[in-house]
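Okay, so here's the structure we're looking at.
The values are calculated or read from the model by the stated rules, or taken from the named source; none is laboratory data. Nothing here was measured: the structure is a model prediction, and the numbers come from that model. Cβ coordinates were reconstructed from backbone atoms using ideal geometry, including for glycine residues, and neighbour counts include every protein chain displayed. Protein only, heavy atoms only, side chains kept; ligands, DNA and RNA dropped before computing areas. Shrake-Rupley method; radii C 1.70, N 1.55, O 1.52, S 1.80 Å.
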Amino acid sequence: MTADLPERTFGATRWLMLAVLCASLLLVAMDATILNVALPSLIDDLHVGQLEQLWIIDIYGLVLGGLLITTGAVGDRVGRKLLFLSGFVLFGIASVVAATAQSSGQLIAGRVLLALGGAMVMPSTLSLIRNIFADPKERTLAIGIWAAVAGAGATIGPIVGGIMVESFGWASAFWLNVPVVLITVVAGAWLLPEYRSPQSGALDWLSAALSIAGIVGLAWGIKHIAKGSAGALDWAVFLLGLALLAWFARRQLRSADPLLDVRLFRNGPFLAAALATLLAMLAIGAALFLISLWLQYIHGYSPSEAGLRTMPSAITLLAASLSTPWLMQRLGVRAVLAIGLGALALGFLALALSPEPTTYPVVALVLATFGLGDGLAVTAAAAVLVSAVPPERAGQAGAVSETNYELGIGLGVALLGSIHARIFSENMTEIPLRGDLLEQARGSVGGAVEVASELDPAARSQVLTEAGHAFDVALTVTSYVSAAIVAVVAVVAVYLVPRGFRITGGH
C-alpha cells in the first residue's frame with residue numbers, strides 16, 4: 001500500500017485499529033514504571049545493589065530511547081505493521097526471560113530485550129495513526145487518546161505492579177504481558193493495514209549504529225557524572241556519545257534519505273514539542289520513581305498500597321490528555337504547552353516548599369498536578385510532531401516523540417535519581433553504625449531500612465528517622481532542580497511556538 005491511502009477506506013474499523021495500537025502501547029508504557037513498586041521485593045529476592053537498582057529501572061527507557069530512531073526508519077522501509085507485530089512477539093518472549101530471572105544480570109538482560117521489542121512497537125503505533133486518520137481533527141483526537149494511554153500506562157504501571165507483586169510476586173509483573181501480547185498480535189494481524197514509504201532506499205546502517213551508540217553513551221555518562229562517581233572512562237564514554245551524535249547529525253544533513261531529517265528541528269514548534277516531551281518526562285520519570293520509594297520505605301506502604309496512592313496522577317493525566325484536542329482548537333498549541341509545563345513546574349515547586357516531613361496529602365496534590373501538566377504538554381507535543389511530517393515519514397515523527405518520551409523517563413531516573421542518591425548519602429550522618437553497615441545504610445533508603453530491621457529498637461528508630469530526614473532533604477533539592485528545568489523549557493516553548501499556531505493536516 002502507499003502511504004496516502006484515504007482514511008475513509010477504513011470506516012468505523014479505524015477505531016478498532018486504534019484500540020489494537022493503544023493496547024500494545026499501554027503494555028510497553030507500563031513496563032517503563034511497573035517495577036518502581038517491585039523494587040523492594042527485587043532487592044530481597046535477588047540481592048540487588050544500589051547501582052543495579054538504577055540499571056534495572058532505567059535500562060529499559062535508555063535502550064528503548066536509543067533504538068527508536070533506527071526502528072522508526074526500519075518501519076518506514078520494511079512496513080510498519082510487520083515491524084509492530086515482530087516487536088510485540090519479541091516483547092512477549094522478553095517478558096518470559098525477565099519473569100524467570102534468577103539473578104540481577106538475567107533481569108537486566110530481559111529488560112534490554114523488552115526495550116528492543118518496545119522500540120519496534122512504539123514508533124509504529126504513532127506512525128500508523130498518522131496514516132490511518134487522514135482528517136486532521138480526527139487525527140488529533142486519536143493522538144489525544146494515544147497520549148492518554150501512553151501516559152496512563154506510565155502512571156498506572158506502579159498501581160498494577162503493586163497489586164501483582166503483592167499478590168503473586170515481582171515476576172507476575174512480567175507474566176502479565178504474555179496473554180496481552182498473544183491477543184494483540186492476533187488482532188493486529190487481522191485488522192491493521194500495512195504501510196511503507198515508497199521513496200525509501202536501503203537503511204543507512206552506519207547512521208543507525210551512530211544514533212544507538214551515541215544516545216546510550218550520552219546516557220551512560222550523564223548517569224555516572226550525576227552520581228558523582230564518574231571516572232576517566234565515564235567521561236570518555238560521555239564525550240564519545242556527544243561526538244557520535246554530532247557525526248550522526250552531520251551524516252543526516254548530507255543524506256538524500258536520512259534516518260532522521262534533522263532539519264525538522266529548525267522548525268520552532270517542532271523543536272519546542274521535542275524539548276517539552278524530553279524534559280517534562282525527565283522530571284516526571286524521576287518523580288514517580290522517588291515517590292514510589294518514599295511511599296514504601298519512608299511510610300511503609302505495601303506495593304499495592306503505594307501503587308494506589310499514585311492514582312491522582314493517572315486520573316488527571318487521562319482527563320487532561322483527552323481534553324487537549326479541544327483545548328488546542330480554542331486556545332492554540334502555544335497556550336496548551338505553556339499551561340501544561342507551568343503546571344508541572346508548580347507541582348515540583350510545591351513539593352520542594354512543603355514542610356518537612358513531607359505528608360501524603362501534599363504528595364497527592366503534587367501527583368494530580370503532574371498528571372494535569374503531563375497530559376496537556378505531552379499530548380500537544382505529540383500532535384505537533386506528527387503534523388510536521390508527510391505521511392511517508394510518519395515513522396520519523398513517531399521515533400522523535402517516543403525517543404524523547406522514553407529517554408526522558410530513563411534520563412530522569414539516571415540523572416535526578418543519582419543526584420537524590422548522592423544527597424541522601426551525604427545527609428546520613430547521625431547514625432550509630434560503622435563499617436559495612438554504615439556504607440549499606442548510606443547507600444540507599446532501601447539499604448537503610450534493611451539495616452535498621454536488624455538493630456535494637458533504639459538504634460532502629462534513630463536510623464529510620466535519619467533516613468526519612470535525608471530522603472526529604474534530597475527530594476527537596478531534586479524538586480527544585482526539576483522545577484527549574486521545566487520552567488526553562490516552558491519559556492523556550494512559548495518563545496519558539498508562534499502566537500495563534502494551530503495543528504493542520506501536515507504536509
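Of the residues making up region 317-357, those that are open to solvent by less than 40 Å² (accessible area, probe 1.4 Å) and under 17 Å from Ile156 (Cα atoms) are Leu317, Ala320, Ser321. Annotation: of all residues in region 1-18 being more than 20 Å from Gly75 (Cα to Cα), open to solvent by 50 Å² or more (accessible area, probe 1.4 Å) and not polar (S, T, N, Q), the one that is modelled with the lowest pLDDT is Arg8. Name the single residue, out of those in region 192-213 being open to solvent by less than 40 Å² (accessible area, probe 1.4 Å) and in a helix (DSSP H, G or I), that is modelled with the highest pLDDT. Filtering region 192-213 for residues that are open to solvent by less than 40 Å² (accessible area, probe 1.4 Å) and in a helix (DSSP H, G or I), the one modelled with the highest pLDDT comes out as Leu210.
If only residues of region 96-129 that are β-branched (Val, Ile, Thr) and open to solvent by less than 50 Å² (accessible area, probe 1.4 Å) are counted, the one that is farthest from Ile59 (Cα to Cα) is Ile129.
Within region 78-88, the residues that satisfy the criterion of being over 24 Å from Phe168 (Cβ atoms) and either buried (at least 19 other Cβ atoms within 10 Å of the Cβ) or at pLDDT 85 or above (or both) are Gly79, Arg80, Lys81, Leu82, Leu83, Phe84, Leu85, Ser86, Gly87.
Of everything in region 333-365 that is free of Cβ contacts under 8 Å to residues at least 24 places away in the same chain and among the β-branched types (Val, Ile, Thr), the residue that is nearest to Ala276 (Cα to Cα) is Val362.
Yes/no matrix, rows are residues, columns are (1) modelled with pLDDT of 75 or more; (2) of a type in the set (A, V, I, L, M):
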{"residue": "Ala364", "(1), (2)": "yes, yes"}
{"residue": "Thr369", "(1), (2)": "yes, no"}
{"residue": "Gly373", "(1), (2)": "yes, no"}
{"residue": "Val384", "(1), (2)": "yes, yes"}
{"residue": "Val389", "(1), (2)": "no, yes"}
{"residue": "Ala399", "(1), (2)": "no, yes"}
{"residue": "Glu402", "(1), (2)": "no, no"}
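Going residue by residue through region 415-431, is there one that turns out to be hydrophobic (A, V, I, L, M, F, W, C), farther than 29 Å from Val216 by Cβ and open to solvent by less than 50 Å² (accessible area, probe 1.4 Å)? Scanning region 415-431 turns up at least one residue that is hydrophobic (A, V, I, L, M, F, W, C), farther than 29 Å from Val216 by Cβ and open to solvent by less than 50 Å² (accessible area, probe 1.4 Å). Quick check, is Ala189 open to solvent by 30 Å² or more (accessible area, probe 1.4 Å), without any contact (Cβ under 8 Å) to a residue 12 or more places away in the chain and of a type outside the set (Asp, Glu)? It is false that Ala189 is open to solvent by 30 Å² or more (accessible area, probe 1.4 Å), without any contact (Cβ under 8 Å) to a residue 12 or more places away in the chain and of a type outside the set (Asp, Glu). Taking the conditions (1) of a type outside the set (Lys, Arg); (2) within 28 Å of the chain's Cα centre (by Cα); (3) open to solvent by 30 Å² or more (accessible area, probe 1.4 Å) in turn, His469 satisfies each one other than (2).
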